[in-house]
1. For a quick check, take a GNM of the chain with Cα springs below 10 Å and name the residue from G82, G171, G117 with the largest mean-square fluctuation.
2. Excluding D139 itself, calculate the net charge of residues whose Cβ lies under 15 Å from the Cβ of D139, where each Lys or Arg counts +1 and each Asp or Glu counts -1.
3. Can you work out the base-10 log of I(q)/I(0) for the stretch 34-153 at q = 0.13, 0.23 1/Å, using the Debye formula on its C-alpha atoms alone?
4. Just want to confirm a number: the relative contact order over the chain, from Cα pairs under 8 angstrom separated by 6+ residues, in percent.
5. At q = 0.07, 0.16 Å⁻¹, what is the log10 ratio I(q)/I(0) for the chain, with the Debye formula run over Cα points and no solvent?
6. Which residues' amide hydrogens lie under 5 Å from the amide hydrogen of T101, considering only partners 5 or more residues apart or on another chain, with H built in the peptide plane?
7. Rank these by accessible area, largest first, 1.4 Å probe: W20, W141.
8. Using the heavy atoms of the protein chains alone and a 1.4 angstrom probe, what is the accessible area of the chain per residue in square angstrom?
Amino acid sequence: LEKAIDFEKATKERDALKRWLVLSLVSGRYHERAQSRYGGDIKATTGAKDIAHLFSHKDALDPRTVDEVQRYLTGERLLSAGFRSAYTTLLYLLARKLNATDWLETKIQVGAVLPDGTWHYHHIFPDETFDADRGALRDAWEEAQAEGDEKEALRIAQQRDDLEARIASVGNLAFLTPATNQTISNRPPMDYLKELAGTAEGRAALEAQLVPLDPDLWKHAAFEEFRK
């Protein structure tokens, strides 16, 4: 009975820690005032205190507060998150939870130790495919500059920054082995996603990394809808 109680307690502690980890990542808890919050969390779980004290100590982040979770997990916030954000870690955890694999070597699970390096961040819509968009913005910016329209030039510069942010957003991210990332290279999604989706195994690999299977969303013009 004592062992059963200990096991139940350990299970609850593990689940509580997982819950806290995910919410901390989503909320960016340690992005601001990291040292004080981190110290407070450590202090809350020292000695004989349970992990549950993470949710009740001073300045705690309580995952039971639904409004807080909804505020952090807004569609707008997710769409604006980049490859370097905490949401990339959350996406990685989700991929692991869904037993996601590499897209060509589907026996290799995301996160597995690789003999040829670390897992790559893959742009589903390749960076190079936006060169025409960049060129159009550059031409428009130069024209505004030549006409002395600083307001228009600033607006176009902001459009250029927004484009780069969307290209490097989590909605355009997948985790692939170095070899697969190199093989796919800068092929357009309409090309290589169609090829991958041609088999049940390939479709499962795409879905596990949250890639929509609607071919209309693989077109360059549908990039924004694809990210959503």
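The values are calculated or read from the model by the stated rules, or taken from the named source; none is laboratory data. From a predicted model like this one, the values you see are computed outputs, not experimental measurements. Virtual Cβ from ideal backbone geometry, glycine too; neighbours counted across all protein chains shown. The area values use the complete protein model at the heavy-atom level, side chains included, leaving out ligands, DNA and RNA. Shrake-Rupley method; radii C 1.70, N 1.55, O 1.52, S 1.80 Å.
1. Evaluated over the chain, the most mobile residue of the options is G117.
2. So the environment of D139 carries a net charge of -3.
3. -0.89, -1.28
4. Dividing the mean separation by the residue count of the chain yields 21 percent.
5. -0.33, -1.15
6. V110
7. W141, W20
8. 62
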